[in-house]
Amino acid sequence: MRQNSIIRLGSTGLSAVTDLGRMGMYLLQMIQGCFRFPFRFSEFIRQMHFIGAGSLVVIFFTAASTGMVLGLQGYYSLNKFGAEGMLGSAVALTLIMELGPVLTAIMVAGRAGSAMCAELAIMRISEQIDALDCMAVDPFRYLISPKLLAAIISVPLLTVLFDVIGIAGGYVAGVHLMGVNPGSYIDGMQRSVTNHDIWLGTVKSFVFALLVVWICTGRGYFVHLIKGAGFGARSVSKVTTQAVVYSSISVLVFDYLLTAILL
């Protein structure tokens, strides 16, 4: 019994190390594919539309509800100290530095990342990626690198949109619903938000975009090598779930690490 447990533990550890090394090499190949020619500009535009424009609705409603909740809860907390005038500062800093990049990345992972993972997984189990290799077509340049470039551009733009809509939602909740002075809301926001805060949020959005595409496409690309994934529809569903969970957890972990390093 003890020997079997040790064997299972060793097998799990070896699988984890192998998967980590495989994903590391995959990341390098994915980045290299961005500099290989001829570049698939039409696929890049298609991915920009899918990741960016296709996520506008979910980003809008998530940002609006988040901003309004921050406005209501911020007013409730600040009102205890007679500091309602700092509501604009609290809402803007929270969105720009933390919630904007994090929630945008998680929404993109759930909507676009899952689709990218399922697409590549189906192409792998149906041997379409193997067919590309047989025809000497680089699958990274053809399939994956356009997704990476599109996400690196789209996610920061979606983050900016999230911040703007969230701040507007906080304004509606704080000023129009709770009676905060509109001048103090705007003035507090302008005084407190610095270029460093905006830079921190921008860096986070770029890193999160890379993490989401790397993990989601990697899970789908290596679906045939993932231990216990099975085969066929079951394997696609399992790796898609893994992709969303792993990418969301990675976003939260790297949010703390980047905040601790760059703040």
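The values are calculated or read from the model by the stated rules, or taken from the named source; none is laboratory data. The structure displayed is predicted, hence computed values, not measured ones. Every residue, glycine as well, gets a Cβ built from its backbone with ideal geometry; the counts of neighbours run over all protein chains shown.
Condition check for residue 153 on (1) modelled with pLDDT of 90 or more; (2) buried (at least 18 other Cβ atoms within 10 Å of the Cβ): one failure, at (2). Scanning the stretch 200-214 for residues that are in contact (Cβ under 8 Å) with a residue 60 or more places away in the chain and either more than 15 Å from residue 100 (Cβ to Cβ) or not hydroxyl-bearing (Ser, Thr, Tyr) (or both) yields 200, 201, 204, 208, 209, 210, 211, 212, 213, 214. Scanning the stretch 137-150 turns up at least one residue that is assigned to a helix (DSSP H, G or I), of a type in the set (Phe, Trp, Tyr), within 25 Å of residue 53 (Cα to Cα) and out of contact with any strand residue (DSSP E or B) (no Cβ under 6 Å at 6 or more places or on another chain). For the stretch 69-82, the count of residues that are within 23 Å of the chain's Cα centre (by Cα) and either under 27 Å from residue 197 (Cβ atoms) or without any contact (Cβ under 8 Å) to a residue 60 or more places away in the chain (or both) is at least one.
Just to be sure, is residue 132 closer than 30 Å to residue 213 by Cβ, in contact with a Leu (Cβ under 9 Å, 6 or more places away or on another chain) and either in a loop (DSSP other than H, G, I, E, B) or modelled with pLDDT under 90 (or both)? Against the criterion (closer than 30 Å to residue 213 by Cβ, in contact with a Leu (Cβ under 9 Å, 6 or more places away or on another chain) and either in a loop (DSSP other than H, G, I, E, B) or modelled with pLDDT under 90 (or both)), residue 132 qualifies. Taking the criterion of being under 15 Å from residue 217 (Cα atoms) and among the polar types (S, T, N, Q), the only residue of the stretch 1-31 that qualifies is 29. Of all the numbered requirements in (1) within 15 Å of the chain's Cα centre (by Cα); (2) part of a loop (DSSP other than H, G, I, E, B), residue 258 misses one, and that requirement is (2).
With respect to residue 115, determine if the residue is within 19 Å of the chain's Cα centre (by Cα) and of a type in the set (Gly, Ala, Ser).
Here the answer is yes, as residue 115 does meet what is asked.
Here's the yes/no breakdown for (1) surrounded by fewer than 19 Cβ atoms within 10 Å (Cβ to Cβ); (2) within 28 Å of residue 255 (Cα to Cα); (3) modelled with pLDDT of 95 or more:
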| site | (1), (2), (3) |
| --- | --- |
| 70 | no, yes, no |
| 77 | yes, yes, no |
| 90 | no, yes, no |
| 181 | yes, no, no |
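For the stretch 141-175, a tally of residues being under 20 Å from the mean Cα position of the chain (by Cα) and farther than 13 Å from residue 65 by Cα returns 19.
Okay, residues lined up against (1) aromatic (Phe, Trp, Tyr); (2) at pLDDT below 95; (3) on the phi < 0 side of the Ramachandran plot:
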residue: 157; (1), (2), (3): no, no, yes
residue: 200; (1), (2), (3): no, yes, yes
residue: 208; (1), (2), (3): yes, no, yes
residue: 217; (1), (2), (3): no, yes, yes
residue: 235; (1), (2), (3): no, yes, yes
residue: 252; (1), (2), (3): no, no, yes
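For the stretch 44-63, the criterion of being charged (D, E, K, R) and at pLDDT 90 or above is satisfied by at least one residue.
Selection of the stretch 183-197 for residues being loosely packed, with under 14 Cβ neighbours inside 10 Å and out of contact with any Ser or Thr (no Cβ under 8 Å at 6 or more places or on another chain) yields 183, 190, 194, 195, 196.
For the stretch 243-263, the tally of residues that are without any contact (Cβ under 8 Å) to a residue 40 or more places away in the chain and either closer than 15 Å to residue 120 by Cβ or touching a helix residue (DSSP H, G or I) at 6+ places or on another chain (Cβ under 7 Å) (or both) stands at 2. Residue selection: residue 218 satisfies the criterion of being buried (at least 23 other Cβ atoms within 10 Å of the Cβ) and part of a helix (DSSP H, G or I).
Being at pLDDT below 90, aromatic (Phe, Trp, Tyr), under 27 Å from residue 226 (Cβ atoms) and surrounded by fewer than 23 Cβ atoms within 10 Å (Cβ to Cβ) is a condition met by at least one residue of the stretch 141-148.
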